[in-house]
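Worksheet: the structure to be examined is printed underneath.
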C-alpha cells in the first residue's frame, strides 16, 4: 500500500486541475449557516478532539469538522484519493516523512506562508516557532505546512532497573562510550538493557543529526530533492557495528521496527532503556509498573565533543487548494488557533509533544511547570541544542519506503544474514532506486 501511495500522488499532480469538483467560488457551510472547515487526520489523541471542540465553542461563525482516517499512511492516501476525486478536505495532517513528497505537489498544496498571508486577518508570525521545527517544514523562507504535533526521539529508562543494577537512577550516560558499563550491569540484574522504536528515525536519522553528519547528498535533500542520494559514511558504519556488538552481547534487543512490541516490553518492566518518541511521554510517565525518567539521546564522544539537536517527528498540517475564499479565511483562523500559545501548552501538557510555539514554552517555564516536572522539558532542551547544517532536517522523496528498506536491511545485519558492508550496500542501492524513481516522475 505504501509503495502505491506515492505513485498515486504523482498522478494527482498531473490530473488535479482537470478533475477537481470542489469549487473555489462556492462557499461551503453547515446547515445552520457556519463556514465549514474540514480536517482529515491520523491521530486518536483526545487532545485534538478537545481542541477542535473548544474552537467551535469559542465563536459562532466557523465550524471545524474532523475525520479520523486511520494511520498516517492511510490518512495521506485518503487525502490523495480525495484530491483526485475533487473532494479534498481543507486541511490534511501528514507525518513528517511525507514532507519531501508533499513539497512537490505544487498544484495540490497551498504553502502555509502564502496561505496565511493571503487569508489570515491577523498577524501570523513564523518567528514564534522553535527554530529546529520551522526549518524542517520550510523551503527557504517559505513555510510549507503548519507544525502541529511535533516530537523528537529521546531516551526513557527505568529508575527501578537502574537501582537494582547498582546504578544512579538520576543519571543516564551521556555518551555511547559509557553505555557498555551500564548495559553490562543491567544485563546482570536480569534486564534486557536496551531496545529501540522507529529504527531508521532513531538509529540513522537521529544519529546523523546528533553528530551533524549528512546521510544523503545536498544537505539530506533540503537543497535539492530530486538529485539527492543516500550516502552512508564510515562514521555511520562504525555506529552500526557498535549496535551489532551490543546486540551480540545481549545489551540491545530488537523487538520492533516501529514501536508496539518495543513499548510493550519496556512497559512490562522487561527492558531497562528504550529510545522512543517524546510524543509517548505521557503514556510513559503514567506507567504504573515502571518508574520512568526521560533523558537525552546519547552521542559518540569520539565523533563530536558537543552533540547537536535531534530531528523532529510527528506531523504537520498541510493546506489543500480548491476551496473558496471564505472557506480559506475560516481555515486560516483555525490554523492560527491550533498553534496559539494556549493550545500548544494544552497539547504539550496532555501528550508530551513539543510546544511548537516559543511563547507557550516560555510561559510554562516561567510558571515553574518544568521545575515540578523536569522530564517534560527533556525533549525541548535536546531540540534546542546546537543546530547546524545537517541537523536541520531532511527532504527526501519516497521516504516511507526508504525507512522500511533501512529497517529490513538492518534486521538482516543484526540477525547474521549479511555483513556490515552488504547491509550498507543493499540499503544504499535500494534507497537510491526509490529516489531515482521519484526524480524520474518529474522529468
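The values are calculated or read from the model by the stated rules, or taken from the named source; none is laboratory data. For clarity, every value in this text was computed on a predicted model and none was experimentally measured. Positions of Cβ are backbone-derived with ideal geometry, glycine not excepted, and every protein chain shown enters the neighbour counts.
Before moving on, here are some points about what is shown:
- For the range 104-120, the set of residues classified as part of a loop (DSSP other than H, G, I, E, B) and touching a helix residue (DSSP H, G or I) at 6+ places or on another chain (Cβ under 7 Å) consists of 105, 107, 108, 120, listed by residue number.
- Only a single criterion out of (1) without any contact (Cβ under 8 Å) to a residue 24 or more places away in the chain; (2) surrounded by fewer than 20 Cβ atoms within 10 Å (Cβ to Cβ) is not satisfied by residue 175, namely (1).
- Filter result for residue 382 (touching a residue at least 24 places away in the same chain (Cβ under 8 Å), touching a strand residue (DSSP E or B) at 6+ places or on another chain (Cβ under 8 Å) and either buried (at least 19 other Cβ atoms within 10 Å of the Cβ) or in a loop (DSSP other than H, G, I, E, B) (or both)): yes
- Looking only at the range 137-169, and only at residues there that are without any contact (Cβ under 8 Å) to a residue 60 or more places away in the chain and in a helix (DSSP H, G or I), the one that is surrounded by the fewest Cβ atoms within 10 Å (Cβ to Cβ): 163
- Evaluating residue 265 against the criteria (1) at pLDDT 95 or above; (2) touching a helix residue (DSSP H, G or I) at 6+ places or on another chain (Cβ under 8 Å); (3) part of a helix (DSSP H, G or I); (4) closer than 20 Å to residue 155 by Cβ leaves one unmet condition, (2).
- One residue alone among 7, 37 is at pLDDT below 95 and not in a loop (DSSP other than H, G, I, E, B), and that residue is 7.
- A count restricted to the range 60-81 and to residues that are without any contact (Cβ under 8 Å) to a residue 40 or more places away in the chain and either within 17 Å of residue 329 (Cα to Cα) or part of a strand (DSSP E or B) (or both) stands at 6.
- Residue within the range 36-51 that is out of contact with any strand residue (DSSP E or B) (no Cβ under 7 Å at 6 or more places or on another chain) and over 26 Å from residue 345 (Cα atoms) present: no
Rundown of residues vs (1) assigned by TED's automatic domain parsing to the domain that holds residue 95; (2) free of Cβ contacts under 8 Å to residues at least 12 places away in the same chain, yes/no style:
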residue: 132; (1), (2): yes, no
residue: 135; (1), (2): yes, no
residue: 171; (1), (2): no, yes
residue: 181; (1), (2): no, yes
residue: 193; (1), (2): no, no
residue: 204; (1), (2): no, no
residue: 211; (1), (2): no, no
residue: 217; (1), (2): no, no
residue: 225; (1), (2): no, no
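- Test: residue in the range 221-240 that is buried (at least 16 other Cβ atoms within 10 Å of the Cβ) and within 26 Å of residue 293 (Cβ to Cβ): yes
- Only one entry of 186, 203 meets the criterion of being modelled with pLDDT of 95 or more, assigned to a helix (DSSP H, G or I), on the phi < 0 side of the Ramachandran plot and surrounded by fewer than 23 Cβ atoms within 10 Å (Cβ to Cβ), and that entry is 203.
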